[in-house]
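The values are calculated or read from the model by the stated rules, or taken from the named source; none is laboratory data. The shown structure was predicted, so the numbers you read here are calculated from the model rather than taken from an experiment. FYI the Cβ positions are ideal-geometry reconstructions off the backbone, even for glycines, and counts take in every protein chain you see. Remember, those area values only see protein heavy atoms, side chains included, never the ligands or the DNA or RNA. Shrake-Rupley method; radii C 1.70, N 1.55, O 1.52, S 1.80 Å.
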Amino acid sequence: MKVDSSSWRDPNDSDQVAQVYVIKNDRVLILLRSDWMAWAPKQWALPGGHIEIGEDFEKGAMRELKEETQLDATSIEHFESDEHLHYYIVREFEGKISLNDEHTGWLWAREEDLDHYDIVPVVKKKIEKLFNTLR
């Protein structure tokens, strides 16, 4: 079931979005989006989502990570911003991955394996940029 995002988006959400690169052992965490999601159903993407109106972007990134994966970021750093998208890197976190209903799978992707997954194209480019920067 595909849902129009305007019909379920929280009225407290701004038009700003945080995306989180969670890094572990030279891999990045990607999540498989549920088939009912309006944006990129059944595709792999980064954890993240809309920042709430008046919310600090960094805190919003940490909140979204927790909501989607149950991971608590113990450190976070800003990577880059691009218009309404804000990217953060998390290298230290606590907890065990447990997904909410927005996702049906997760994995730690290596740079050389990115072509094996149906990753949202713009997200794949951002992940490649991250790996290039980390070298």
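Descriptive notes on the structure:
- Check on LEU85, more than 17 Å from GLU128 (Cβ to Cβ), of a type outside the set (Ser, Thr, Tyr) and touching a helix residue (DSSP H, G or I) at 6+ places or on another chain (Cβ under 9 Å): no
- The set of residues in the range 24-42 that are in contact with a helix residue (DSSP H, G or I) (Cβ under 8 Å, 6 or more places away or on another chain) and open to solvent by 20 Å² or more (accessible area, probe 1.4 Å) comprises ASP26, ALA38, TRP39.
- All positions within the range 58-75 that are part of a helix (DSSP H, G or I) and more than 17 Å from HIS103 (Cβ to Cβ): GLU58, LYS59, GLY60, MET62
- Tally of residues being over 16 Å from the mean Cα position of the chain (by Cα), loosely packed, with under 13 Cβ neighbours inside 10 Å and in a helix (DSSP H, G or I) across the range 85-133: 6
- Residue check, HIS78 open to solvent by 70 Å² or more (accessible area, probe 1.4 Å), within 19 Å of THR133 (Cα to Cα) and either without any contact (Cβ under 8 Å) to a residue 24 or more places away in the chain or not in a loop (DSSP other than H, G, I, E, B) (or both): yes
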